[in-house]
Amino acid sequence: MRRELGMFIALVAMCLLLFISNPDFLGASNALNTTRQISMLGIYAIGIGFVIISGGIDLSIGSVIGLTGVLIAKLSSSAPPGLGYPLWVGIPCALGVALLIGLGQGLLITRLKLQPFIVTLGGMLLVRGVSQTVAEGGTISFGDAPFLELANGGIWRVQGEPLLPYPVLIFLVVVGIGTFLLHSTVLGRYVYAIGGNREAARYSGIDVNRIETLTYVISAGLAGVAGVCYAAYIGQMSQQVGVAYELYAIAAAVLGGCSLRGGEGTVLGIVIGSAIMRVIDNGINMFQLQHRDEGGVPRIWRLDPNWTFIIIGAVILLAVILDQLVHMVNAARRTRRAAASAGGPRANSVDVAPDAKTS
Amino acid sequence: MTKGAPWLLAMSGITKRFPGVVALEDVSLELSGGEVLALMGENGAGKSTLMKILGGAEMPDQGRIDLDGNPVVLDSVREAHRLGIALIHQELMLAPNLDIAANIFLGNEAAVGSVGVLRRSALNLAAGALLARVGLARAPTTPVSTLTAGQMQMVEIAKALSKKARIIVMDEPTSSLTGAESEHLFRIIGQLKADGIGIIYISHRMDEVMKLADRITVLRDGRHVGTLDRDQVTSEKIVSMMVGRELKNEYFPPRAAKTPGPPVLEVHGLIVPGTARPVSFTAERGEILGFAGLVGSGRTELMETIFGVTPALSGSMTVAGKPYTPRRPRDAIDCGVYLAPEDRKRHGLVLPMTVAENISLPNIASYGPAGLLNREAERRAAEAEVTRLRTRTPSIFQRVVNLSGGNQQKVVLGKWLAMAPQVLILDEPTRGIDVGAKAEIYRHMAALADQGITILMVSSDMEEILGMSDRVVVMHERMLRGILAREGLTAEGIATLMTGRTGAAA
């Protein structure tokens, strides 16, 4: 929990700093929008969390997000080239395709012993290409279908703005189910065991292949759910939606304490990691410093939006560097302490008879 | 050796502590050029730690090392290489995907003038000369993956020679060699001696040591027990120095002569993948059936087949009279056949998980309803096993990675004991474990056998085989060479079968 706590403190500090620099940060519309962004990232970051904790990687989820949206647009948009099927056909179909993609990748990885990186890299490109083909290289608009309410509407309206937008609601449900699966079920225990030591898990009778395949299905499935939200949020779909989203999800998971070696991470940590990613993103727009120039005229200094990736990249590096340093200091301290205690009476010793000196 | 001249190598007062154990305490060792010094001791005696210090992989906490009478600091593997110290590990450290020449000069390409760009012809020429010196008739461009174990050994020696090594350490060099390959190795060792190279030869095999060594240094429990000239000693004397007689009596629990029981595990004509000959044996209820053999004799592979890790190609098995065809570990576990594997860190434990999580791992699904974790039941089971095996851990919520080897092994045992075993396979149950924990594990094994559990014990430790087994299966080159009864069991009788020599078969 050390990592989660540290990251939570960093998150709170960041929010405070942003609020002080620009009170609009916590204004109704920005706060609501940021929360919605955190939620949509969090949904698929939790999905990839299952894969990462079991020691795998899934690069295809950005493409799955895109394809889900494009399929819903194609099937259910009433304007051409949409086919005009009802949403209760379009959404389940799209989600079904997402699950099948996860299943296919999972089977390739576990049955043919292919490397997850390569399989999901191939999947990423292939699925992206399918989106492009379905969208015929263009954009499919939802018009002002009631579908858009899924992203913009919500429950508990206050002054016209929903206090709990639907994506946030979906996110909370995903967090609940994810926490339960990972931390309270045998499945979750097996995911950690496989990530911690795949061979030992196999020698303990765990059906490693089945559990691993399932993590890819969960990852793709939640990417599908996020895809539905993004489609409603953006209102029109092209093959560009979702590009590089998997990298945001991986970054969120790692910031939140997942290790790409597997076996480590919590849902709570991934949630915090997702929040940090989105708050930085938003903060780059919101952060401002008021000052007066030489003429005494009040000016506002803002961050150059071109720095976005520099800042996000630096934060990720800083987080893992700090974590590693803490790790190394602790390990050194443990060794010193052990050496000191071993200097006294021997630990774990039995009474050894006096050595038969023969030389 | 000339009187008064400094030793080629002198290590004195070497002490090394690891968390929880003193690996070496005030150990000394001397070596002169052109000499073979045998370093002997049981597993865990401190041989490999001492050699790691000599090779620059570990720094001693105390002590000094002199080369030719001048003190040196071996603070890195590179520095040890520079000073002419070469280690040849038991598991050879070659890159199988590269060819012989590339392996010989790996990291040392500059020796033949390759700076940045490889000069292949020069590499191959230099490698060819070294291969001639070690008597290996293979082209320098041969991929290492196509060589036999004996040939790889020669490549390792050639690699050491390429670095102008003056001291070569060989760790159990014959453990995976055939008889002819060993003979070849001994001839090469003779040549190296004649060239003035000092050799430290680590081995458990008495006949080799008596044949090769000029002097013998024995370690036990991290201490120097003695150094003797070969002419002064007999094998019996060395063995008694290695094991310590007084200790040995309390080491192995007394076991009543076992009365024949009903067969529990019957193996008929089992063909293990990678072997030619079928294996058949029967293990009785409450029996400890020892499996003796050299490293690579096929014992671990046989156990993995019985446990369903690598399913058998043909043959049949029964457990308690019922047909038993494990295709994966789960099948074995469901029939009460459990394996505590040889490499427990790789196959036995999830190191970052806690003691409780490791103990419950194979059985956790049965604790709670419908796939839910039942932490209370898990805690109870873990507490029970930790108490039963007297595992030293601050709590059952400690991560296993922080425990000592002996306590880690107890966690592996606890994992299976929590599930009422019928057949318990223990592959090298005390490897890398300190003496105190060893004696405890032996007591537990005896108690489990008395409760009627059938134990298959693979061990490379002759004392362990002799001290614990009711009967002994001996394997050599992936074949079952004989099954010996407890009466009249001798180290010599087992060793004869282990090395493939015929004559004394039971």
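The values are calculated or read from the model by the stated rules, or taken from the named source; none is laboratory data. The structure presented is a predicted model; accordingly, all values stated were derived computationally and were not measured. Backbone-built Cβ (ideal geometry, glycine too); neighbour counts: all protein chains shown.
A few points about this structure:
- When residues in the stretch A:15-34 are screened for being of a type in the set (Gly, Ala, Ser) and not in a helix (DSSP H, G or I), 1 of them pass.
- Some residue of the stretch B:163-174 being under 30 Å from B:Ala139 (Cβ atoms), more than 21 Å from the chain's Cα centre (by Cα), buried (at least 22 other Cβ atoms within 10 Å of the Cβ) and not aromatic (Phe, Trp, Tyr): yes
- Any chance B:Glu378 is in a helix (DSSP H, G or I), touching an Asp or Glu at 6+ places or on another chain (Cβ under 8 Å), of a type in the set (Asp, Glu) and facing chain A (nearest Cβ under 8 Å): no
- Filtered by the rule that a residue be of a type outside the set (A, V, I, L, M), touching a residue at least 24 places away in the same chain (Cβ under 8 Å) and outside any helix (DSSP H, G or I), the stretch A:196-244 gives A:Asn197, A:Gly235, A:Gln236, A:Ser238, A:Gln239, A:Gln240, A:Gly242.
- Hits in the stretch A:95-114 - residues which are of a type in the set (Ser, Thr, Tyr) and more than 15 Å from A:Arg210 (Cβ to Cβ): none
- Residue list for the stretch B:460-482, restricted to those being at pLDDT 90 or above and hydroxyl-bearing (Ser, Thr, Tyr): B:Ser469
- Lone qualifier among A:Ser78, A:Ser131, A:Ser141 - being surrounded by 20 or more Cβ atoms within 10 Å (Cβ to Cβ), of a type in the set (S, T, N, Q) and farther than 30 Å from A:Leu268 by Cα: A:Ser131
- Matching option when the condition is closer than 26 Å to A:Leu17 by Cα and within 14 Å of chain B (Cβ to nearest Cβ), among A:Gly257, A:Gly296, A:Gly313, A:Gly263: A:Gly257
- Residues considered: B:Ala5, B:Ala86. Of these, the only one that is buried (at least 17 other Cβ atoms within 10 Å of the Cβ) and either without any contact (Cβ under 8 Å) to a residue 40 or more places away in the chain or assigned to a strand (DSSP E or B) (or both) is B:Ala86.
- Scanning the stretch B:416-428 for residues that are closer than 18 Å to B:Val355 by Cα and in contact (Cβ under 8 Å) with a residue 60 or more places away in the chain yields B:Trp416, B:Met419.
- Subset of the stretch B:30-48 [buried (at least 21 other Cβ atoms within 10 Å of the Cβ) and more than 15 Å from B:Ser203 (Cα to Cα)]: B:Leu31
- Helices (runs of 4 or more DSSP H) contained in the stretch B:245-340 and holding at least 2 residues within 12 Å of chain A (Cβ to nearest Cβ), in contact (Cβ under 8 Å) with a residue 40 or more places away in the chain and within 22 Å of B:Ser460 (Cα to Cα): B:245-251
- Residues satisfying the stated conditions in the stretch A:275-307, i.e. within 20 Å of the chain's Cα centre (by Cα) and either exposed (fewer than 15 other Cβ atoms within 10 Å of the Cβ) or acidic (Asp, Glu) (or both): A:Asp281
- Within the stretch B:180-233, considering residues that are among the basic types (Lys, Arg) and surrounded by fewer than 22 Cβ atoms within 10 Å (Cβ to Cβ), the one farthest from B:Ala292 (Cα to Cα): B:Lys193
- If you go through the stretch B:432-444 and keep only what is modelled with pLDDT under 85 and either surrounded by 22 or more Cβ atoms within 10 Å (Cβ to Cβ) or within 11 Å of another protein chain (Cβ to nearest Cβ) (or both), you end up with B:Ile433, B:Asp434, B:Val435, B:Gly436, B:Ala437, B:Lys438, B:Ala439.
- Residues satisfying the stated conditions in the stretch B:381-395, i.e. polar (S, T, N, Q) and either part of a helix (DSSP H, G or I) or touching a His at 6+ places or on another chain (Cβ under 6 Å) (or both): B:Thr387
- Note on the stretch A:132-190: no enclosed strands (runs of 3 or more DSSP E) hold 3 or more residues that are acidic (Asp, Glu), in contact with an Asp or Glu (Cβ under 6 Å, 6 or more places away or on another chain) and farther than 14 Å from A:Ser39 by Cα.
- Residue within the stretch B:288-311 that is among the aromatic types (Phe, Trp, Tyr) and either surrounded by fewer than 21 Cβ atoms within 10 Å (Cβ to Cβ) or in contact with an Asp or Glu (Cβ under 6 Å, 6 or more places away or on another chain) (or both) present: no
- Boolean, A:Val127 is away from every other protein chain (no Cβ under 14 Å), in contact with a Ser or Thr (Cβ under 7 Å, 6 or more places away or on another chain) and closer than 24 Å to A:Gly55 by Cβ: yes
- Among residues of the stretch B:200-227, those that are away from chain A (no Cβ under 14 Å) and not aromatic (Phe, Trp, Tyr), counted: 14
- Residue match in the stretch A:183-194 (condition: modelled with pLDDT of 95 or more, surrounded by fewer than 15 Cβ atoms within 10 Å (Cβ to Cβ) and under 20 Å from the mean Cα position of the chain (by Cα)): no
- Of all residues in the stretch A:144-162, those that are crowded, with 19+ Cβ neighbours inside 10 Å, touching a Phe, Trp or Tyr at 6+ places or on another chain (Cβ under 9 Å) and within 24 Å of A:Ile61 (Cβ to Cβ) total 2.
- Within the stretch B:396-431, being more than 13 Å from chain A (Cβ to nearest Cβ) and either in a strand (DSSP E or B) or under 19 Å from the mean Cα position of the chain (by Cα) (or both) holds for B:Val423, B:Leu424, B:Leu426, B:Glu428, B:Pro429, B:Thr430, B:Arg431.
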